[in-house]
Each structure stands twice: as C-alpha cells, then as structure tokens.
Amino acid sequence: MTLRDLFLVALLALAVIASGVGVVYAKYQTRIEFIQLQALTRQLQGLEEEWGVLRLEEAALATHPRVEMAARTRLEMLMPRGVDIRTIGGKGHER
C-alpha cells in the first residue's frame with residue numbers, strides 16, 4: 001500500500017465519520033423541531049378551546065333580552081310608546 005492509497009483511505013474514513021456526525025446532528029435537530037411542533041400544537045389546541053369558550057360567552061352576552069335589560073338598567077333607556085314613534089318616508093312613501 002502506497003502513501004497515496006493510505007491517504008485516500010484516511011480521507012474516505014474521515015468522510016464516512018463526517019457523514020455519520022452529520023446524520024446524527026440532523027436527527028437531533030429533527031427531534032428538537034418535532035418537540036417544538038408538538039408544544040405549538042398543544043398551544044394551538046388550547047387557544048382554539050379558549051376561542052370557542054369566548055364565542056359562547058359572547059353569544060350569551062349578546063342576546064336580545066340581555067341587551068334590552070342592560071339598556072333599561074344601566075342606561076335608563078325605555079321602549080318608546082306607539083304615539084312617540086314617527087316614520088320618516090323615503091322614496092315611494094307619500095303622505
């Protein structure tokens with residue numbers, strides 16, 4: 001075996017070792033990214049659940065009777081009597 005052949009074998013061995021280290025590093029990075037993906041997925045599910053609860057709460061708070069009750073109690077608004085209601089005609093409404 002000549003010095004040139006020995007150098008080539010050493011170079012190929014180094015290439016195999018570098019390739020192995022690269023594979024191990026890529027596998028490690030993949031695991032790290034997968035763990036982050038799982039955490040973000042759990043966070044997304046939690047946020048979607050919270051969004052659903054908030055939508056239900058909004059629907060409950062925005063019902064007509066509740067808005068009317070708030071208008072009567074907090075804003076002291078009253079439903080107008082029939083004689084107090086005036087209709088303003090637009091196009092096609094003649095008096």
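Checking each residue in segment 50-95 for being of a type in the set (Val, Ile, Thr) and in a helix (DSSP H, G or I) picks out 53, 67, 73, 83.
All of 50, 58, 33 fail the test of being of a type in the set (D, E, K, R), surrounded by fewer than 10 Cβ atoms within 10 Å (Cβ to Cβ) and under 37 Å from the mean Cα position of the chain (by Cα), apart from 58.
Taking the criterion of being out of contact with any helix residue (DSSP H, G or I) (no Cβ under 8 Å at 6 or more places or on another chain) and aliphatic (A, V, I, L, M), the residues of segment 53-74 that qualify are 53, 54, 56, 59, 61, 62, 67, 69, 70, 71.
Read-outs throughout are calculated quantities, based only on the coordinates presented, and are distinct from any laboratory measurement. It should be emphasised that the depicted structure is a prediction, and the values quoted were computed from it without experimental measurement. Virtual Cβ from ideal backbone geometry, glycine too; neighbours counted across all protein chains shown.
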